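Here's the structure, in structure tokens; my notes come after.
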Amino acid sequence: MKPLDDCLKWLPILKECAHTYLNESEYDQFESLSSEEVAIQLVNLLEKPIMSFTVVNDVYFRARWAEVLQTLHPEQDLTLLEVATGDADMIPQVMARTHLNGRYITANMNKSLNASLLRKTENLGLNLEVIEDDAAHIAEHLGHNAVDIIAFQHAINDVIQAILCDRVGIDTTFSDWMETLPRMIEILQQEIVQNTLELHAKEPFLQLIDTLLQVLKPNGIIAMNHYMFQLDLDWGYPPALFEHMVPLTRKWLREVTECEEIAVDGFDPQWWIFLQKKSS
Ligand SMILES: C[S@@+](CC[C@H](N)C(=O)[O-])C[C@H]1O[C@@H](n2cnc3c(N)ncnc32)[C@H](O)[C@@H]1O
């Protein structure tokens, strides 16, 4: 696979990033690793599908999203909407350190992942709001021109999976996401074999983007990233789809006329998309 990022950039600054983006006990964990172990974990993280969840992953993803926020909206008054957060807390963790006066909102349907997210973030002191609803309804909650950045942190695949589940009547709100994942993967396998993914998922995905563009301020940005988990591949996730989730989505997104893709230096288009809402 194409590396997610440049190891040589991150290795020399990882300790400083750990100091900035980890809490005390996480930092102690980081400090307990030898520099050789840190280097091995970083290479594994950036150059292979992710196999383990380590404190090195936390440092890297928090520091990477901090770069995104710093580049796109360094001012303190950031209002950010995350779509399909699950219980992945990297963006709230970053905002608590870089934009403590900002506002973090997530549109996240799954009940138990929301409960877990709230537990993980309860001591951050961040203005954090969970909207337990489909992001396709977000304009009803937030109105128009309300947010500066919309983030899909490893969420393109989850949104597509939820769309496909909804189509065939599989609940993803009240169920356990990981217990449902094998069924989601089966559906994706069928979609690939029958060549129907675009037919079944593109329109609802683009409708969601249309709604998101309503709540985004003019010139605001939708930032999406992706990476692969080895577990999903082991369970049969179609490998070419998983690896090329961003290029596939980019092809669909070209039909949206209210925004355009912008290049952001240092972010590989294989793993990132940045869309800017046009000003009029
Ligand atoms: C596995 S978690 C995502 C975790 C996170 N994005 C990550 O991988 O780092 C999947 C989450 O996506 C949410 N989700 C999927 N489609 C959604 C939508 N259209 N609106 C809101 N939440 C959605 C699910 O409800 C669930 O909470």
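Restricting attention to the stretch 81-105, the residues that are aliphatic (A, V, I, L, M), more than 10 Å from the ligand (Cβ to nearest atom) and crowded, with 24+ Cβ neighbours inside 10 Å add up to 3. Look at the stretch 154-165: where a residue is closer than 14 Å to Trp252 by Cβ and modelled with pLDDT of 95 or more, no partner that is near the ligand (Cβ under 6 Å from one of its atoms) and not in a loop (DSSP other than H, G, I, E, B) sits 6+ places away or on another chain with Cβ atoms under 6 Å. Among residues of the stretch 92-117 that are among the small types (Gly, Ala, Ser), those with a Cβ under 7 angstrom from a residue that is buried (at least 23 other Cβ atoms within 10 Å of the Cβ) and assigned to a strand (DSSP E or B), sequence gap 6+ or separate chain, pair up as Gly102/Leu80; Ala107/Leu81; Ala107/Val83. Comparison of Phe229, Phe174 shows that the only residue that is aromatic (Phe, Trp, Tyr) and under 19 Å from the mean Cα position of the chain (by Cα) is Phe229.
A single entry from Val168, Val147 fulfils the requirement of being without any contact (Cβ under 8 Å) to a residue 24 or more places away in the chain and more than 13 Å from the ligand (Cβ to nearest atom): Val168.
For the stretch 50-71, indicate whether the set of residues that are in a loop (DSSP other than H, G, I, E, B) and in contact (Cβ under 8 Å) with a residue 40 or more places away in the chain is non-empty.
Within the stretch 50-71, one or more residues are in a loop (DSSP other than H, G, I, E, B) and in contact (Cβ under 8 Å) with a residue 40 or more places away in the chain.
Close Cβ contacts (under 9 Å, 6 or more residues apart or on different chains) running from residues in the stretch 195-208 that are touching a residue at least 40 places away in the same chain (Cβ under 8 Å) to residues that are loosely packed, with under 15 Cβ neighbours inside 10 Å and not in a helix (DSSP H, G or I) comprise Lys202/Glu255; Leu206/Glu255. Checking Asp176, Asp134 one by one, the residue that is surrounded by 13 or more Cβ atoms within 10 Å (Cβ to Cβ), within 15 Å of the ligand (Cβ to nearest atom) and of a type in the set (Asp, Glu) is Asp134 and no other.
The values are calculated or read from the model by the stated rules, or taken from the named source; none is laboratory data. None of these values were measured; they are calculated from a predicted model. Cβ atoms come from the backbone with ideal geometry, glycine included; neighbour counts cover every protein chain shown.
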